[in-house]
1. To check you understand DSSP bridge types, tell me what percent of the beta bridges within segment 258-318 (both residues inside) are antiparallel, rounded to 5.
2. Could you tell me what percent of the DSSP beta bridges with both partners in segment 197-327 are antiparallel, to the nearest 5?
3. At 0.36 nm per residue, minus the direct Cα-Cα distance, what do residue 89 and residue 375 gain on full extension? Give it in nm, one decimal, please.
4. Taking the Cα centre of segment 174-404 as origin and charging only Cβ (+1 Lys, Arg; -1 Asp, Glu), how large is the dipole, in debye to the nearest 20?
5. Computed from the mean reciprocal separation of all distinct C-alpha pairs, what Kirkwood hydrodynamic radius does segment 258-363 have, in Å?
6. What lysines could a cross-link reach from residue 108, if we take a straight Cα to Cα line under 22 Å and drop same-chain neighbours fewer than 8 places away?
7. Please rank 72, 363, 23, fewest neighbouring Cβ atoms within 10 Å first, as an exposure proxy.
8. Between segment 63-85 and segment 9-58, how far is it from one alpha carbon centroid to the other, in angstrom?
Amino acid sequence: MGDPKRTENDVQLSSNLFTKPRRNPRLDKCLVDDLAHITLRQPREQGDHVTRVHLALLTIMRNPNLGTEVVRAEYGPATAAAVLRFKRERNILNTALHQTAPDNVVGKKTIAALDAEMLKKQLPPGRLPRVKMSPAPFVKLGFNSGVAQQSLVGIDLNDVLGLGQVLATLPLDIFVHFDGGDAASEGQRRRLAEAEFANKFATPAYLRTHFVPLAICFVGGRGDKNKAKEAADEVLQLRKSIKQGVTAIVGSSVGGLAALDCAKLLAGSVPLDYVAISDGAFFAPGEVSFSPFKISVPTSTISATTKKNFFQTFGHESLLDPRGPGGFMQGTEFHGPLDGFTNIDVEAQPSATLRQLVQSGARLRLLPDITPGRLKLLKGNSDSVHTAAAEQAAAEIEKDKVSLFKP
């Protein structure tokens, strides 16, 4: 009779990475069960078990080139290629299948080899590390994806990995964006936008000199839907560990106030390289005053190397109505200059779309009487002008981002 099948009780992973602060059942099964191997397939495998494989590869190998798959905690082509390289360098073969060349699967022998090498890198119990490892980028990699059921958030990876020195000292670039949106979406996290940011800027050249860049993206909002503090707290947590790197904040439309609030919360704690507002939308009476017109939101306490405010005023000047606050329609969004910022009126050099909409709105203003129908037309035109201005501003901000987030 053959040997009975090994179980998780017979053989277990033992390195800190694969056992602390809790064991991962998926990795424990991978060690003993062929059906639990981690493979390149569709849909991609995602989760805490993949994040820990990423961490092992990052710790053991030189330039594993995992790309943006670490952001999504995903076992994709880049991870599979790194696993294949790891196995080739160690000639890890499945002898039961009579393999003559390694594959890109994390199976029993592969996870055991990763575990053994991580165990060797650990310090003996009670021995303190020479340099404290910065956990922020690795913690964030698992957290930012939003897919790990047992994420590594809040874990000091110096304790988990037990390493005696920092593997690399690299800058961590952070981009915070509060986008515009409708009332139903205000305050929501934009995970797809975060991944798209990393996909765009985490080029091979960039990753040779930086950690994977991180984006924190919300839809802007007011009241309890304003996530400025949540974003600021996240930035502060990261910057406690890694001070080097660009920190940029952008607010678009209704996200303008949240961006300014976030920048104010970080004042004095985190140096800001860039703060930009893309046709920020502000409201009376709390955020604007009249006679003279002024947007009265927090700006004086905001310190940044570059502060830009892209705006247009036609979108609210077309909504004149003596019956409303300040002589404008009730609920009007106001756009305009901000104290202390480089103010850029996009109407001065409008895109073809913006120019056409402004000309159309100017004709609408010549219509007689303030009727519901006329006001509806003016409101629709105002929204279109605002959208076109924000898009024009976004294109200019994108150029600045390319300069900020570079190798």
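Values in this text are rule-based calculations from the coordinates and carry no lab data. Only a predicted model underlies this, so the values are computations on that prediction, with no experimental measurement involved. As a convention, Cβ positions derive from the backbone with ideal geometry for all residues, glycine included, and neighbour counts pool all protein chains shown.
1. 25 percent
2. Within segment 197-327, antiparallel bridges account for around 15 percent of the total.
3. On the way: separation 286, 0.36 × 286 = 102.96 nm, distance 7.12 nm.
Fully extending the segment from residue 89 to residue 375 adds 95.8 nm.
4. Numbers: 25 positive and 25 negative charges, 58 e Å.
Dipole of segment 174-404, to the nearest 20 debye: 280 debye.
5. Across segment 258-363, the inverse of the average 1/r is 14.9 Å.
6. 5, 20, 29, 87, 120, 121
7. On the way: 72 23, 363 9, 23 14.
Sorted ascending by nearby Cβ count, the order is 363, 23, 72.
8. Segment 63-85 and segment 9-58 have Cα centres separated by 15 Å.
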